[in-house]
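Since the structure comes first, as structure tokens, the remarks are kept for the end.
The values are calculated or read from the model by the stated rules, or taken from the named source; none is laboratory data. Remember, predicted model here, so these are calculated numbers, not experimental data. Backbone-built Cβ (ideal geometry, glycine too); neighbour counts: all protein chains shown. In case anyone asks, the SASA skips ligands and DNA or RNA and just uses the protein heavy atoms, side chains included. Shrake-Rupley method; radii C 1.70, N 1.55, O 1.52, S 1.80 Å.
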Amino acid sequence: MVRVGCSLATVDRNASAPATSTTTMIRTAILGMARAFAEAASRCIALLVIELAKRLDRPVVLVGLMGVGKSTVGRRLARRLGLPFVDSDSAIEDAAGLSAAEVFERYGEHDFRDGERRLVARLVEGEVRVIATGGGAYVDPLTRALLNERAITIWLDAPVDVLAERTARRDTRPLLRTPDPKGTLERLSQERRPAYEAAHIHIKSGNGAHRDVVEAIVQALEDHLAKRPS
Ligand code: S3P
């Protein structure tokens, strides 16, 4: 019995050794092919996105309420398209040497809006790039008309609950320094909706990954350029 057992074990070992190595070889080959396919596919997608960026003859401007992710999504979108990125709030802050909240406090909202209107008008005349605007910029009728004429405007839209949760993380927004920031966001959402609806493209984003929002924008830009008369 012992002998038989031993010999069976020997036979098994001998039989399974080539089988295992064949399986391993096949698995390695399949994994190699899958990896090569994935790399080729992502190179193709990257080329398509660069092609898309080449067809853009004007800036892409993100508009929408505070907390919707205009800056984060804008930066990622710019990287994806291989274009420069600028954030209008940061540009105002650089020019003023003060934070947006400090400009509001020292000079008031009226002066902030004046500066914002002039700055956005300058940015849109510059190179083709991705521009994230402050939430109120596009609400100004002159800025809205200018952006719709000279840029591709994208309204990033998310439920107020999501915006309230995100904006609560940092106390940097002067308009939300109220006893009921979520109520303020609800009011602004209703007041501004008709303005935001004038954007060329409407992207609904929830609590999902910014990566998915970027992909939705890339697809929407493709569709927009395909429809636009050349
Ligand atoms: C504002 C939005 C802010 C900033 C300012 C006013 C607004 O920018 O411009 O606090 O009126 O909605 P974000 O939308 O980037 O937060």
Paired Rg and Dmax values of the chain, which use every Cα atom, in angstrom: 26.6, 97
For the chain: relative contact order, % (alpha-carbon pairs under 8 angstrom, 6 or more apart): 24 percent
Kyte-Doolittle mean at least 0.0 and Cα axial length at least 24 Å: DSSP H helices in the chain: 2-55
Dipole of the chain, positive end: most advanced residue of Phe37, Ala216, Val103 [Cβ charges, Cα centre]: Phe37
Segment 131-230, dipole about Cα centre (Lys/Arg Cβ +1, Asp/Glu Cβ -1), debye to the nearest 20: 220 debye
Rounded if a/c under 1.5, otherwise prolate or oblate - segment 106-220, Cα gyration tensor axes: oblate
Net charge dipole size for segment 98-138 [Lys, Arg +1 and Asp, Glu -1 on Cβ; Debye, nearest 20]: 140 debye
Span from the segment 177-230 Cα centroid across to the segment 43-57 one, whole angstrom: 22 Å
Dipole of segment 102-155, positive end: most advanced residue of Ala137, Leu119, Ile152 [Cβ charges, Cα centre]: Ile152
Percent accessible area from carbon and sulfur atoms, the chain, protein chains only, probe 1.4 Å: 57 percent
Listed residues Gly206, Leu81, Ala46: farthest to the positive end of the dipole of the chain (Cβ charges): Ala46
Value of [θ]222 nm, deg cm²/dmol, for the chain, DSSP H segments ≥ 4, -39500 (n - 2.57) each, nearest 500: -22500 deg cm²/dmol
Candidate lysines - alpha carbon under 30 Å from Lys54, same-chain residues fewer than 8 apart omitted: Lys70, Lys204, Lys227
Charged-residue dipole, Cβ positions (Lys, Arg, Asp, Glu), the chain about Cα centre, Debye nearest 20: 920 debye
Accessible area per residue in Å² at 1.4 Å probe, computed on the chain: 58 Å²
